[in-house]
Amino acid sequence: MADFVRAADISELVDPGKMLVDVDGEMVALFLVDGTFYAIDDVCTHDGGPLVEGELNGYKIACPRHGARFDIRTGAALTMPAVRGTRAHDVKVENGGVWVRLGSLGATDGPMSHATSAANGFEATGRPLPAAVLATTAAQQTALTAQETVAPSTTVASRTTAEIEVGSVSTAVLCEDSVRELLKKVIDPELFVNIVDLGLIYGVTLSPAVDLPGKQHVAIDMTMTSPACPAGPQLIADTRRSVGAHEDVSAVEVRIVMDPPWTPDRMTDAARDSLGIF
Ligand code: FES
């Protein structure tokens, strides 16, 4: 077991407060709340966000990048998009200093992978997952590149979100609104919220197909919650399938746009509610 290391002077923090400290070369977020010090890794388990830069509210720290909340006492992940806890560390106060011992407590909810949590039927908040969500987590991911254009098809080899939700060819009048309705059937496999309510759709453009009279080419400007979003290929594939299922669509073009970057305030209230972000 590691030794306690003096990380800060008591006087360096006001209550409530937070600061970044170096403990044996590791970045640790140190907190003082109601007279007690706490320490957790300064790493959001969703995508590496610096927790100490987030908003501290009671015993909860919100990741500044996508809003996941963690319990500073235990490191437990409380809300999506984080699904596993970050490490919490022992802390003691001695000789005017705050001493931290790395890793002795571990992450209280352990390395709960998405697949594991879904298999158990619960998300990070402890709420049961809806049946549709459990079905989509088993979907295979298809590696596709952004900006690839394909002809629409209702036949897919793998069981995907779009296949489960769309089911058949849409006959609604093709316009921007009907495209957005089709996009609502594409569910982010990490967050379990549709990509429209997540605020991932920056634009929808329809233009007449050159070689197919009566058909339209649909271009979709879409972003991701982070540049390295692991769900990206699946979201692109499902977007193309969902919109391509419309009988008047000649082709679907998905253009990935990272500027402006996505932030949680792009989400609708419904999405924020379902993610437990208030
Ligand atoms: S990096 Fe923390 S919520 Fe995404």
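The values are calculated or read from the model by the stated rules, or taken from the named source; none is laboratory data. Here the structure is a predicted model, which means the values were calculated and not measured. Note that each Cβ is placed from the backbone with ideal geometry, even for glycine, and that neighbours are counted across all protein chains shown.
In the list Ala68, Ala29, which residue meets the criterion of being within 16 Å of the ligand (Cβ to nearest atom), at pLDDT below 95 and crowded, with 20+ Cβ neighbours inside 10 Å?
Values: Ala29 fails: at pLDDT below 95.
Criteria check complete, one pass: Ala68.
Contact map, region 221-235: residues that are over 23 Å from Glu176 (Cβ atoms) paired with residues that are small (Gly, Ala, Ser) and away from the ligand (no atom under 14 Å from the Cβ), Cβ distance under 6 Å, separation 6+ or inter-chain. Pairs shown: Pro233/Ala143. Taken over region 79-88, the criterion of being assigned to a loop (DSSP other than H, G, I, E, B) and either away from the ligand (no atom under 12 Å from the Cβ) or over 20 Å from Phe37 (Cβ atoms) (or both) is satisfied by Thr79, Met80, Pro81, Ala82, Val83, Arg84, Gly85, Arg87. Collect the residues in region 51-65 that are modelled with pLDDT under 95 and in contact with a helix residue (DSSP H, G or I) (Cβ under 8 Å, 6 or more places away or on another chain), keeping them in residue-number order. Result: Cys63, Pro64. Return the pairs, sorted by first residue and then second, in which the second residue is within 12 Å of the ligand (Cβ to nearest atom), the first residue lies in region 33-61 and is free of Cβ contacts under 8 Å to residues at least 12 places away in the same chain, the beta carbons are less than 8 Å apart, and the residues are 6+ apart or on different chains. Qualifying pairs under 8 Å: Glu53/Pro64; Gly54/Ile61; Gly54/Ala62; Gly54/Cys63; Gly54/Pro64; Glu55/Ile61; Glu55/Ala62; Glu55/Pro64.
Residue-by-condition table, conditions (1) closer than 29 Å to Leu56 by Cβ; (2) outside the structural domain of Glu190 (by TED's automatic domain parsing); (3) modelled with pLDDT under 90:
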| residue | (1), (2), (3) |
| --- | --- |
| Ser207 | no, no, no |
| Asp211 | no, no, yes |
| His217 | no, no, no |
| Val252 | no, no, no |
| Arg255 | no, no, no |
| Ala271 | yes, no, yes |
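Within region 32-47, the set of residues being modelled with pLDDT of 95 or more and not acidic (Asp, Glu) comprises Leu32, Val33, Gly35, Thr36, Phe37, Tyr38, Ala39, Ile40.
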